1. Note the full-extension length gain between residue 90 and residue 223 as 0.36 nm times their separation in residues minus their Cα-Cα distance, in nm to one decimal.
2. Between residue 139 and residue 170, what length in nm is gained on full extension when 0.36 nm per residue of separation is reduced by their alpha carbon distance?
3. Please compute the length gained on full extension between residue 230 and residue 112, using 0.36 nm multiplied by the number of residues separating them and subtracting their Cα-Cα distance.
4. Just to confirm, what accessible area per residue do you get for segment 140-184 at 1.4 Å probe, in whole Å²?
Amino acid sequence: RCGVTHSALTSTCLLLPHYLMPSLETLVAFFGVSVLLGLSPGPDNVFVLIQSAQRGWRLGLAVVLGLCLGIVVHTLAVALGLAAVFAASEVAFSVLKWCGAAYLVYLAIGAWRAPVSVNDSALADAAASKASASGAELLKMVGRGFVMNLTNPKVLIFFLAFLPQFANPALGPVAPQIFVFGAVFILSTFLVFGSIAIFSGVFGNLLLRSEKAQWWLNKLTAIVFVGLALRL
């Protein structure tokens, strides 16, 4: 039975017929698994960690928002059956992989060439930039996170294999249940990745005072991006 509560996990009950709603126990279990998956090392949380350290927690949260928007698309694809069709097409799968890898290489080149500076004016400018990120910068980072997530076909295949495991056909159509699980997964992702962004963004302020640390972080960022591209 699905009752009306103040919990974020069960608020979706207000939007769906009760017979389509997974049980609270199932939602809690799914949320726990999703949090563990978010904490496990992977391309997305590494991406959030490094971007937040370099650009501040506000822009880091913008990246997290972009990643969550990408998850929305993957959830829709799985719920509507598009993921199965796409996964069956070797050409489409390969094209998406190459596009994602090319984008990561592009980001790696930008990180490798990024300048470093620790003079007082640079510190002030960087601090001001982190404190008041413009709307254009925020949208740019949202787009970067969105493209990062959307061009990773492994996320699509993962969702295709992961989400249906928690759906129960006995409750009715599976698609609405997939939407619910997708929403819970997005909530867990935002909480976990958002925490990483805030922690890394605050810690990243220390990098402003060390030119050597900035140089090494830029090189590490480039290497991580190239490594993700090769893995993809």
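1. Numbers: separation 133, 0.36 × 133 = 47.88 nm, distance 2.83 nm.
Taking 0.36 nm per residue and subtracting the Cα distance, the gain is 45.1 nm.
2. Details: separation 31, 0.36 × 31 = 11.16 nm, distance 4.19 nm.
Stretched fully, the residue 139-residue 170 segment lengthens by 7.0 nm.
3. Values: separation 118, 0.36 × 118 = 42.48 nm, distance 1.67 nm.
Stretched out fully, the residue 230 to residue 112 stretch lengthens by 40.8 nm.
4. Values: 1770 Å² over 45 residues.
Dividing the accessible area of segment 140-184 by its residue count gives 39 Å².
The values are calculated or read from the model by the stated rules, or taken from the named source; none is laboratory data. These numbers come from a predicted model, not from an experiment. For the accessible areas, the whole protein counts, side chains as well, though only heavy atoms, and no ligand, DNA or RNA atoms are used. Shrake-Rupley method; radii C 1.70, N 1.55, O 1.52, S 1.80 Å.
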